[in-house]
Amino acid sequence: MVFYIHTVAAATAFTRRWQEGGWGEGLLGIVLVALIFSVGWSMTTILAHWLMEQKGFGFWFDRDAFALTLLTVIEAIFYIGHTRRKRRKLANIPLE
């Protein structure tokens, strides 16, 4: 499920950036999502290693699943905040 969410996020980033700036911008959007995912996964894995044992909270929610869930929550907060800031910035531009 987490990988599906990130696939949809990459497709959304590609589509938005492609409409605004072309193919190159769209590919940069995908690269940005992939970079944030890979670095974030490494960082949350380290954090999860400090917080819990490998078995985690059971068979279905071990340490790796916790790290991916934590990463998804952090990324969601980041992306929502980024989108809101961008909308506010665009709303303050006067029309001429």
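Points to keep in mind about this one:
- Subset of the range 4-53 [farther than 22 Å from Val73 by Cα, of a type in the set (A, V, I, L, M, F, W, C) and in contact with a Gly (Cβ under 6 Å, 6 or more places away or on another chain)]: Trp18
- Close pairs (7 angstrom Cβ cut-off, 6 or more residues apart or separate chains): within 21 Å of Phe37 (Cα to Cα) and free of Cβ contacts under 8 Å to residues at least 60 places away in the same chain in the range 52-70, outside any helix (DSSP H, G or I) and hydrophobic (A, V, I, L, M, F, W, C) anywhere: Arg63/Met52; Phe66/Met52
- Residue within the range 24-43 that is of a type in the set (Gly, Ala, Ser), over 13 Å from the mean Cα position of the chain (by Cα) and loosely packed, with under 15 Cβ neighbours inside 10 Å present: yes
- Qualifying residues in the range 33-77 (those that are in a helix (DSSP H, G or I), farther than 17 Å from Val2 by Cα and out of contact with any Lys or Arg (no Cβ under 8 Å at 6 or more places or on another chain)) - the one modelled with the lowest pLDDT: Leu51
- Pick from the range 1-10, criterion exposed (fewer than 12 other Cβ atoms within 10 Å of the Cβ) and in a helix (DSSP H, G or I), ranking: modelled with the lowest pLDDT: Phe3
- The residues in the range 11-23 that are surrounded by fewer than 17 Cβ atoms within 10 Å (Cβ to Cβ) and among the hydrophobic types (A, V, I, L, M, F, W, C) can be counted, and the count is 2.
- Residue ID - surrounded by the fewest Cβ atoms within 10 Å (Cβ to Cβ), chosen from residues in the range 44-88 that are within 29 Å of Trp18 (Cα to Cα) and of a type in the set (Gly, Ala, Ser): Gly81
- Residue check, Phe14 modelled with pLDDT of 90 or more, part of a helix (DSSP H, G or I) and either of a type outside the set (Phe, Trp, Tyr) or within 21 Å of Phe3 (Cα to Cα) (or both): yes
The values are calculated or read from the model by the stated rules, or taken from the named source; none is laboratory data. Since this is a predicted model, take the numbers as computed values, not measurements. For neighbour counting, all protein chains shown are included, and Cβ atoms are generated from backbone atoms with ideal geometry for every residue, glycine included.
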